[in-house]
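Here is the structure we will look at, set down as structure tokens.
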Amino acid sequence: MTTAPLITTPRLRLRQHVASDLDALCDLFETDRARYMGGPIPRKHAWRWIASEIAMWDLMGHGSWGIETQDGTFLGQIGIMKPPHFPEREIGWTLLETAEGKGYATEAALSVLAWAWEQSYPTLVSYIDPKNSRSIALAERLDAVPDAHASLPDGDTPTDTVVYRHSPDSDGNPEAYA
């Protein structure tokens, strides 16, 4: 069985999900905070969705990590996902409200991008609702660029989704993301 590798930063631990993570994320997905991710989503659907992102590790060699502080406070999730309706691997993030505005998403995303480049992924995308200014700002902080030519997830239109492309730095090495 393949599980999420542990990634540590000065403030964070990105780790395999535990059961209590699903409770916190399901709570979030039942609220209006999930509006940019197709929500609010009923708990049973959110649980299945999150569980499938965890199972991607075993099926595809990538998936989601739980994000926590070094003292163990759960903050949200980040991952590299490619469900059947995604044309490309996506890096995506979800933070609990209490974790926003502290740089945690940037720190976690930079670490996941470094991991992806070490795995020789040539590129990743982020599929973002055009009204989700916080996620767009994060993608831009990560030096991702809009890619109007990228394929969209099945059923999405440019009104629903903008694609931001993440690539290794210009010489192809991951140092810029470490």
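Each value in this text was obtained by applying a stated rule to the coordinates, not by laboratory testing. Please read all numbers here as calculations on a predicted model, not as lab measurements. Here Cβ is always computed from backbone atoms with ideal geometry, including for glycine, and neighbour counts include all displayed protein chains.
Note on region 45-90: Rg/Rh from C-alpha atoms, Kirkwood Rh, equals 1.03. Working from the Cα coordinates of region 1-100, the gyration tensor eigenvalues give, after taking √(5λ), semi-axes of 19, 18, 12 Å in decreasing order.
Per-residue Karplus couplings for region 129-134, computed as 6.51 cos²θ - 1.76 cosθ + 1.60 with θ equal to phi - 60°, are listed in order as 5, x, 8, 8, 4, 5 Hz, Gly and Pro entered as x. Computed from phi, the 3J(HN,Hα) profile of region 141-157 under the Karplus parametrisation 6.51, -1.76, 1.60 (θ = phi - 60°) reads 4, 7, 6, 6, 10, x, 10, 5, 9, 6, 5, 9, x, 3, x, 8, 10 Hz, with x in place of Gly and Pro. Taking N as the residue count of region 1-54, its C-alpha radius of gyration divided by 2.2 N^0.38 Å amounts to 1.27. Rounded to whole numbers, the Karplus 3J(HN,Hα) couplings from phi for region 88-94 are 9, 5, 10, 9, x, 9, 8 Hz, using 6.51 cos²θ - 1.76 cosθ + 1.60 with θ = phi - 60°, and x at Gly and Pro. The largest-to-smallest principal axis extents of the Cα set in the chain are 41, 38, 34 Å. Ordering Ile67, Phe86, Ala139 by Cα displacement along the dipole of region 45-145 toward the positive end leaves Phe86 in first place; charges were set at the Cβ atoms of Lys, Arg (+1) and Asp, Glu (-1).
For a modelled paramagnetic label at Ser20, 7 Å from Cα along Cα-to-Cβ, the residues of region 33-57 in reach, with backbone nitrogen under 20 Å, are 47, 50-51, 54.
The alpha-carbon positions of region 77-178 define a convex hull whose volume is 101 Å³ per residue.
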